[in-house]
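A.B. asks: I have a structure here, written as structure tokens, and I will follow up with some questions on it.
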Amino acid sequence: ECKACKVECPSNVDMTKFKYEFLNEYHKTHGHSLRNQIFGNISRFSRWGSFFAPISNWILRAEFNRKLIEKYMGIDSRRELPKFASQTFTQWVKSKLLSPDTTSYRGEVLLLPDTFTNYNHPELGKAAVKVLEYLGYKVIVPPIKCCGRPMMSNGMLDEAGANAQFNVEEIYPYIEKGVKLVGLEPSCILNYKDDYTDLLQGDVGEKAKAVSNNTMLIEEFVMYAQREHGAKIVFKNSPGKLLFHAHCHQKALLGSQGAMNILKSIPGAEAHEIKSGCCGMAGSFGFEKEHYDISMKIGEQSLFPSIRSQEGEFTVVSEGISCRQQIKQGTGRKAKHLVEILADSI
């Protein structure tokens with residue numbers, strides 16, 4: 001479901017949407033497995049995981065429980081499950097007074113609290129707030145639901161459509177005022193940019209188009225802020241050598257040049273893009289027992305060897321949570337998100 005077919009195929013056929021439709025009809029007839037239900041409703045599952053953290057983390061990572069999860073849910077026990085944060089990003093936002101309401105800021109910006117940033121990696125949301133406030137914006141974190149992509153991937157189009165409608169109605173009033181929607185996780189934020197315009201029809205469909213036209217990844221917004229609003233960044237620290245791996249949705253729908261331009265703009269940074277295809281994780285694909293081995297073989301095609309062959313000090317950068325998980329398991333390297341590089345450099 002990487003959307004590469006949409007840009008690489010001469011016919012530009014969006015096979016991902018065919019797959020969504022097929023899975024939706026298939027599961028209406030045959031029902032959803034426990035694994036489908038967990039992956040499709042990962043946001044709800046993660047909310048409970050964070051609520052009970054760190055106990056939930058211990059339970060999910062205990063060897064005995066991982067074997068049970070593999071047996072009854074088909075999630076490979078060799079795959080390390082993501083940790084839940086005991087304080088979510090949205091909880092942190094409520095405890096911190098973001099961007100005081102003054103006339104000194106350049107404008108407002110909506111920061112999307114996607115499921116993985118919110119429940120697994122709130123440090124990314126905090127880094128984004130630091131960067132956006134540094135650029136002079138008042139940060140607003142909207143109370144949205146899961147973007148719906150996990151539901152779509154597991155044949156739950158009706159549920160995904162309901163979430164999409166709720167999110168668009170929540171966000172559109174800000175879009176009307178000229179506010180941009182900014183995200184960190186490519187597969188989540190690009191759902192707003194691409195799939196929502198197909199999921200929703202009529203009046204809300206027109207609102208979805210407006211949201212789509214004003215949705216950006218963090219690197220796009222940083223460039224927009226500098227170009228349109230005269231925002232300035234004075235970098236104080238150099239991240240050194242950087243190896244960038246682009247997320248599949250990012251490559252297919254936006255390209256990787258924007259991210260590379262931002263990384264190369266940091267004085268002293270030596271940024272290189274890894275010439276790789278899919279990392280092999282592909283969302284839930286790499287967690288599934290029947291796909292684990294091929295998932296790792298895909299990583300071995302170019303991504304893992306490119307990282308292992310490097311000498312000296314360097315940092316791997318990738319914006320997708322799946323990519324970072326796969327890189328960690330395949331090479332032992334902990335990859336950083338682009339926004340962390342920016343936040344550490346200002």
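The values are calculated or read from the model by the stated rules, or taken from the named source; none is laboratory data. Bear in mind the structure is a predicted one, so any value in this text is a computation, not a measurement. Quick reminder, even Gly has a Cβ in these numbers, built from the backbone with ideal geometry, and neighbours come from all protein chains shown. Accessible surface areas use protein heavy atoms only, side chains included; no ligands, DNA or RNA. Shrake-Rupley method; radii C 1.70, N 1.55, O 1.52, S 1.80 Å.
A.B. asks: For TRP48 and ASN261, compute 0.36 nm times the residue count separating them, minus their Cα-Cα distance, and round to one decimal in nm.
C.D. replies: 72.8 nm
A.B. asks: Another question, if that's okay. Once the other residues with Cβ under 14 Å from the Cβ of ILE59 are scored (Lys, Arg +1; Asp, Glu -1), what is the net sum?
C.D. replies: Result for the local shell: +3.
A.B. asks: In whole Hz, what ³J(HN,Hα) sequence does segment 143-154 give by Karplus (6.51, -1.76, 1.60; θ = phi - 60°), x for Gly and Pro?
C.D. replies: Each residue's phi maps through the Karplus curve to give x, 9, 9, 3, 4, x, 4, x, 5, 4, 5, 10 Hz.
A.B. asks: If the viscosity is 1.002 mPa s and the temperature 20 °C, what translational diffusion coefficient in µm²/s does Stokes-Einstein give for the chain when Rh comes from Kirkwood over Cα pairs?
C.D. replies: Translational D for this selection: 103 µm²/s.
A.B. asks: What accessible area, in Å² to the nearest ten, does a 1.4 Å probe give for ILE171?
C.D. replies: My reading of the accessible area for ILE171 is about 0 Å².
A.B. asks: Separate question: Note down the net charge around LYS334, summing +1 for each Lys or Arg and -1 for each Asp or Glu among other residues with Cβ under 10 Å from its Cβ.
C.D. replies: +4
A.B. asks: While we're here: So for segment 149-281, considering every pair of alpha-carbon atoms, how many percent are separated by more than 26 Å?
C.D. replies: 33 percent
A.B. asks: Right, something else. Using a 1.4 Å probe and ignoring any ligands, DNA or RNA, find the accessible area of THR197 and quote it in Å² to the nearest 10.
C.D. replies: 40 Å²
A.B. asks: Assigning unit charges at the beta carbon (Lys, Arg +1; Asp, Glu -1) and nothing else, what dipole magnitude in debye, to the nearest 20, does the chain show about its Cα centre?
C.D. replies: The calculation lands at about 860 debye.
A.B. asks: Calculate, for LEU34 and GLU206, the FRET efficiency according to 1/(1 + (r/R0)^6) with r their C-beta to C-beta distance and R0 56 Å; round to the nearest 0.05.
C.D. replies: Using R0 = 56 Å, I get an efficiency of 0.90.
A.B. asks: In whole Hz, what ³J(HN,Hα) sequence does segment 248-254 give by Karplus (6.51, -1.76, 1.60; θ = phi - 60°), x for Gly and Pro?
C.D. replies: These are the phi-based 3J(HN,Hα) values: 4, 4, 4, 5, 6, 9, 10 Hz.
A.B. asks: Take the Cα coordinates of segment 269-346, assign each an equal point scatterer, and use the Debye formula without solvent to give log10 I(q)/I(0) at q = 0.18, 0.21, 0.26 Å⁻¹.
C.D. replies: The Cα Debye sum returns log10 ratios of -0.72, -0.94, -1.30.
A.B. asks: Here's something else I'd like to know. I want to make sure I understand the PRE zone here: with the label point 7 angstrom from the Cα of PHE235 toward its beta carbon, which residues in segment 306-346 have backbone N atoms less than 12 Å away?
C.D. replies: Hits in segment 306-346 for PHE235 at 12 Å: 341-346.
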